[in-house]
Each structure stands twice: as C-alpha cells, then as structure tokens.
Amino acid sequence: MALSRAGHIELPALKMRPPNPLSIRARPAAAVAVDRTPMLGSLRELESLIFRQVRRTAEERSFNSLLESHHYLGYSQPVGEQLKFMVYAGSRPVALFAWSSAARHLGPRDRYLGWQPEGRRRNIQFLAYNTRYLILPWVQVPHLASHLLSRMTRMLSVEWEKVYGHPVYFAETFVDTTRHRGTCYRAANWVMLGRTQGRGKDDLTHKPNRTLKDVLGLPLVSDFRERLLNA
C-alpha cells in the first residue's frame, strides 16, 4: 500500500472495501418532544444558561436525536475520547456541542504547533476536536453562538480531565465554507490554520474527493506550544 501511494507500483482496482462498523450503527431515534416555540430577543433577556455534560447520562439519547434531526450532517458516533454538552436556557435546550479525540494527521495544525511525528504521537491526547456545534433552529438570539462557544472552550479542559484524567490544551474544528463562514468561531478568537486537501483519511488516489474545509484552532492555555512540544 505504501509503495502504491508513493506511485512506485500500481495495484489492481479495489474490488470491495471491508464494512465500517461505525457506518452501520442504528441511527438515533426521531427527536424527542421539546418546546419549539421561537426563542427570540437578546442575550440579556435569556434565562440563565447552563452547560451539562451528558455523555453516559440519561440525557445522551436526547442529545443524539436532536443532533440527528437538526444538524445538516446528522449524528455520527464519535471515536476515542468524547464529551457531549447540552446547553439550556432555563429548562429549554438551546445548543449542543460534541467533542472527540483530535485527528491524528492534520498538516495545517501540525505546522502551526511546530509538531514533529514523535511529538504528535506523544501529545495528540491533549487536543480536542469539535465535531458538531448546533444552535437549535428555533433559537434566534444575536451573538449567542459565539458567546456559548467562548464559554464552552473555557470549561472544556476541566470537563475533559474530570472524565479522562488529563486536560486538553488546544481545540480544533473544520468549517465547510460552502455552507458556513465560521463567523462565530472567528468571533470567539479561533485562528485560521489552513485548509484541508479534500482527500479524507482513507484516500488512495491523492485527488480531492470531498469539499475543502477551513481548519480552525484555539489555544486553551497561554503556553500551549510549550506543553504540546514538551509534555
């Protein structure tokens, strides 16, 4: 395979691909009944905003079904370490965050951090990947998205350590700019690291086969490079 990817030999066309067990998981049930009355107004007018980590709790099923029903990518089972947060205004859910282990190889991020392969292997556990972020569609409050994102990332490392016994020092995400501009991330001080190559982790052709995405990152501590290079 390595010789084929490098262009030194040509292998026969792939006849079949082993099934991916994650792709055949049962989809979450239809969204649970929630109050969909439009939520309008300003941030100041919202009831107190509460973040709940719902991974391995009774609320996780509601999280999965709301994400499946209302996020354009639907729900997919995260891999590795993972956390799920529901944000409530009073008793009503307003937003969802899904986090998982970071991508193993990501050129723009690795160059930004100054990572060499050994450092990446040693310290990849200290990164978190924002796989999904959803403001529920009936919630229309200006500046809410960036406000929640800022609050979420301030508490993320502590919440990660509660569950997995270690902190995280850097967060990353992808933005499909054919659908979104990533405005709330930029307003919350996330940094543009570069663009994906559009090939995916299972690429065999070295040609783009999916939408190019912006790669954004956010340091969670001031000395993130020192920690990620020397941990």
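Roughly speaking, what is the stretch gain from residue 79 to residue 138, that is 0.36 nm per residue apart minus the C-alpha to C-alpha distance, in nm to one decimal?
The span from residue 79 to residue 138 would gain 18.3 nm if fully extended.
So for the range 29-230, Kirkwood radius off the Cα pairs, Stokes-Einstein at 37 °C and 0.692 mPa s: how many µm² s⁻¹?
184 µm²/s
Once R0 is set to 35 Å, what does the formula 1/(1 + (r/R0)^6) return for the Cβ-Cβ distance between residue 122 and residue 33, expressed as a FRET efficiency to the nearest 0.05?
Efficiency computed from Cβ-Cβ geometry: 0.15.
For residue 189 and residue 163, compute 0.36 nm times the residue count separating them, minus their Cα-Cα distance, and round to one decimal in nm.
Between residue 189 and residue 163, full extension yields 6.7 nm more.
Most exposed first by the Cβ proxy, i.e. fewest other Cβ within 10 Å, how do 154, 52 rank?
Ascending Cβ contact count within 10 Å gives the list 154, 52.
Between residue 43 and residue 180, 0.36 nm times their residue separation minus their Cα-Cα distance comes to what?
Taking 0.36 nm per residue and subtracting the Cα distance, the gain is 47.1 nm.
Do you know the relative contact order of the range 29-230, to the nearest whole percent, from alpha carbon pairs under 8 angstrom that are 6+ apart?
Relative contact order for the range 29-230 comes out at 20 percent.
Calculate log10 I(q)/I(0) of the range 61-158 for q = 0.10, 0.11, 0.13, 0.17 Å⁻¹, where I(q) comes from the Debye formula with a single equal point scatterer on each Cα and nothing for solvent.
For the requested q values the scattering log ratios are -0.33, -0.40, -0.54, -0.84.
Which order do the peptides 35-47, 135-147 come out in when sorted by mean C-beta neighbours inside 10 angstrom, highest first?
135-147, 35-47
Need one number: nm distance between label points at residue 61 and residue 150, each 7 Å from Cα along Cα→Cβ, rounded to one decimal.
About 3.7 nm, to one decimal.
With 10 angstrom as the radius, rank 157, 91 by how many other C-beta atoms surround their C-beta, starting from the fewest.
The fewest-first ordering by Cβ neighbours comes to 91, 157.
What is the local net charge at residue 193, summed over the other residues whose Cβ is closer than 14 Å to its Cβ (Lys, Arg +1; Asp, Glu -1)?
Here the count lands on +3.
Rounded if a/c is under 1.5, else prolate if a/b beats b/c, else oblate: with a ≥ b ≥ c from the C-alpha gyration tensor eigenvalues square-rooted, which is the range 132-195?
Verdict is oblate for the range 132-195.
Going by average Cβ neighbours within 10 Å, how do the peptides 212-219, 95-102 rank, with the highest at the top?
95-102, 212-219
Each value in this text was obtained by applying a stated rule to the coordinates, not by laboratory testing. Remember, predicted model here, so these are calculated numbers, not experimental data. Every residue, glycine among them, receives a Cβ derived from its backbone with ideal geometry; neighbour counts consider all protein chains shown.
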